[in-house]
Amino acid sequence: MFLKQFYTTHEGQILISAEQASHFAKDIAKDFNPLHDHDAKRFCVPGDLLVSLVIAKYGLSQKMQFTFSGMVGHNVYLNFPETEREDFEITDNNNKTYMRVHRSGEITTDDSLLETFIRDYVAFSGPNFPHILVPLMAEQNVMINTTRPLVIYESMSFEFEHLNFNAPELQAIENNLSIEGKRGDARFHFQVNSNNKKIGAGVKKILISGMRDYDLPLIQGFTENYLARKAAYEKNSLT
């Protein structure tokens, strides 16, 4: 599967370098969150890559939930257990848990279907900023801390009516943002279609820390810089 270029294996463990994680974020997920820059001081592996690796290894279950409990830094050796249990954890050598996984129902391990779903899931999940998140913040008259943005992937869950489908496509259906103090809770709801019929639904949840009053010039400047970084990277990738 195409994911092999974004990790290495060592004695049964999975190792993701900062460069591999950053390439996945930018090239596959179109996610230019500064936390995923390979030289970022607070670098972390994209949650979408971890979710994708779980699906690639264990298959796509009729019902799945991924809950993050920590950020994976540079060169962390991860344990993906050999298990058929419905509930399991992704940990490191110090038994620190980074992700909890729940799965139930039917399972498919069809490589073609898994890759199609992963690519579409990542294309949906990765580029939440700025076109979705900024309008949500404007509605609530709040915004991220532009000098130290902290937007964390908390969870992803989805459920299918059945697994007898092909060419799945994720379609956004509702986005909302709730604010409590300086903390934001954003939820991106979607449905999964195949051959123009709904076959499933799910929701992605992210947490935003350090929120402050909305400042239009400040968020515009931050957004313009974000999009300029994206455009420059994509231009360089073509040369």
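Values computed for the structure shown
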| read-out | value |
| --- | --- |
| Of the criteria (1) within 19 Å of Gly70 (Cα to Cα); (2) over 17 Å from the mean Cα position of the chain (by Cα), which one Met1 fails | (1) |
| Matching residues, segment 96-117, being more than 15 Å from Val54 (Cβ to Cβ) and of a type in the set (Ser, Thr, Tyr) | Ser112, Thr116 |
| Among residues of segment 76-100, those that are part of a loop (DSSP other than H, G, I, E, B) and in contact with a Gly (Cβ under 8 Å, 6 or more places away or on another chain), counted | 1 |
| Of residues in segment 150-169 being assigned to a strand (DSSP E or B) and at pLDDT below 95, the one nearest to Asp120 (Cα to Cα) | Glu169 |
| Selection count, segment 2-33, where residues are outside any strand (DSSP E or B), of a type outside the set (D, E, K, R) and surrounded by 15 or more Cβ atoms within 10 Å (Cβ to Cβ) | 16 |
| Every residue from segment 198-239 that is free of Cβ contacts under 8 Å to residues at least 12 places away in the same chain and within 30 Å of Gly70 (Cβ to Cβ) | Asn225 |
| Any pair with Cβ under 7 angstrom, 6 or more apart, that starts in segment 75-95 at a residue that is more than 15 Å from Val51 (Cα to Cα) and ends at one that is of a type in the set (Ser, Thr, Tyr) and surrounded by fewer than 17 Cβ atoms within 10 Å (Cβ to Cβ) | Asn75/Ser17; Glu86/Ser104; Asp92/Tyr77; Asn93/Tyr77 |
| Evaluation of Ser178 against (1) part of a strand (DSSP E or B); (2) surrounded by 13 or more Cβ atoms within 10 Å (Cβ to Cβ); (3) polar (S, T, N, Q) (one fails), failing number | (2) |
| Flag if Leu53 is of a type in the set (A, V, I, L, M), surrounded by fewer than 22 Cβ atoms within 10 Å (Cβ to Cβ), touching a Leu at 6+ places or on another chain (Cβ under 8 Å) and modelled with pLDDT of 95 or more | no |
| Subset of segment 128-149 [surrounded by 14 or more Cβ atoms within 10 Å (Cβ to Cβ) and either under 16 Å from the mean Cα position of the chain (by Cα) or assigned to a loop (DSSP other than H, G, I, E, B) (or both)] | Asn128, Phe129, Pro130, Ile132, Leu133, Ile144, Asn145, Thr146, Pro149 |
| Count - residues of segment 181-192 that are over 18 Å from Val203 (Cα atoms) and in a strand (DSSP E or B) | 1 |
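One line per residue, one yes/no per condition, for (1) hydroxyl-bearing (Ser, Thr, Tyr); (2) out of contact with any Cys (no Cβ under 6 Å at 6 or more places or on another chain); (3) surrounded by 12 or more Cβ atoms within 10 Å (Cβ to Cβ); (4) in a strand (DSSP E or B):
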position	(1), (2), (3), (4)
Lys198	no, yes, yes, yes
Val203	no, yes, yes, yes
Leu218	no, yes, yes, no
Thr223	yes, yes, yes, no
Tyr226	yes, yes, yes, no
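The values are calculated or read from the model by the stated rules, or taken from the named source; none is laboratory data. Here the structure is a predicted model, which is why all the values come from computation and not from measurement. So basically every Cβ, Gly included, is an ideal-geometry build from the backbone, and we count neighbours across all protein chains shown.
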